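The values are calculated or read from the model by the stated rules, or taken from the named source; none is laboratory data. These figures come from a predicted structure and were not determined experimentally. Here Cβ is always computed from backbone atoms with ideal geometry, including for glycine, and neighbour counts include all displayed protein chains. Ligands, DNA and RNA are stripped out before the accessible areas are found, and what is left, the full protein with its side chains, is counted by its heavy atoms. Shrake-Rupley method; radii C 1.70, N 1.55, O 1.52, S 1.80 Å.
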Amino acid sequence: MKEKNELMVETQKTFEDIKHIDENGIEFWYARELMVSLGYSKWGNFEKVINKAKESCNNSNFNISDHFADVGKMVEIGSSAVKQILDLKLTRYACYLIAQNGDSRKKTIALAQTYFAVQTRKQELSIDEYKQLSEDEKRLYTRKNVKDKNKYLFNTAKQAGVTNYGKFNNYGYKGLYNGETAKDIAKRKGIKDKEDILDYMCSTELAANLFRITQTDEVLKNKNITNENDACITHHSVGQAVRQTIKKIGGTMPEDLPTPEKSIKELDDKDTNLLSE
């Protein structure tokens, strides 16, 4: 048992050691590094596992390109010569699918299945489980989702030509909050200059912003937006659409929702610890 536990700890350490963080703070793994960690020596064999994982991704109605991104890597081949080889940037979910489709007879594969399943699960809750959370727990959980999805949105916005992220962000807020900028929202809530307004939102307000963020990300991709002005207009339009949806179903407008006394930072790392990895 001790040997198995030690192997599990070592396997987890290995996967964390080869994890990378991009310029937007998003974690990813390189397929060729993962290949070695999973005990594969030949790319051809590992590529077959990757293809099965891609098929599983597609069958789950996820975009393959969102989780398996083709990249080229330069490697030395001797005598100071280099050549480019195919590699992939993988999300945590992609790694999970690869582990699920790998040779389970390999100890490293079996442990990887557990590791990536547990780590992925930490970021997910069922609807029933969510309903059972306290308001503070819901705030922590939703705030983490907002933080994670914002990283994807800013990456998409960057590809769409956005350079002024403050301006881009404000267009979304103005659409959702009937003309209010982030600064206006902070002033209304009585938040200090350097504090994040998202840390002073109840779970319902955070959920409205999460919907704004995810839908803007989708629309920017679907419409192939290529300049900052159109990206900002798109963000504003999505914000307005979310606002109209709230109005249509008889919900409370975000600016009318109560501001929690404690910030997310005050709640984190206490009882719930939901924001930790």
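What the table below lists for this structure:
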quantity: Verdict on ILE264 being buried (at least 17 other Cβ atoms within 10 Å of the Cβ), touching a residue at least 40 places away in the same chain (Cβ under 8 Å) and closer than 20 Å to ASN63 by Cα; calculated: no
quantity: Index of the failed condition, LYS192 passing every other in (1) of a type in the set (D, E, K, R); (2) open to solvent by less than 30 Å² (accessible area, probe 1.4 Å); (3) more than 18 Å from the chain's Cα centre (by Cα); calculated: (2)
quantity: Top-ranked residue in the range 52-79 [being crowded, with 18+ Cβ neighbours inside 10 Å and either among the basic types (Lys, Arg) or modelled with pLDDT of 90 or more (or both); ranked as nearest to the chain's Cα centre (by Cα)]; calculated: HIS67
quantity: Tally, over the range 182-212, of residues that are assigned to a helix (DSSP H, G or I) and either of a type in the set (Val, Ile, Thr) or free of Cβ contacts under 8 Å to residues at least 40 places away in the same chain (or both); calculated: 9
quantity: Elements of type helices (runs of 4 or more DSSP H) in the range 80-135, at least 1 residues being at pLDDT 80 or above and over 16 Å from PHE68 (Cα atoms); calculated: 107-121
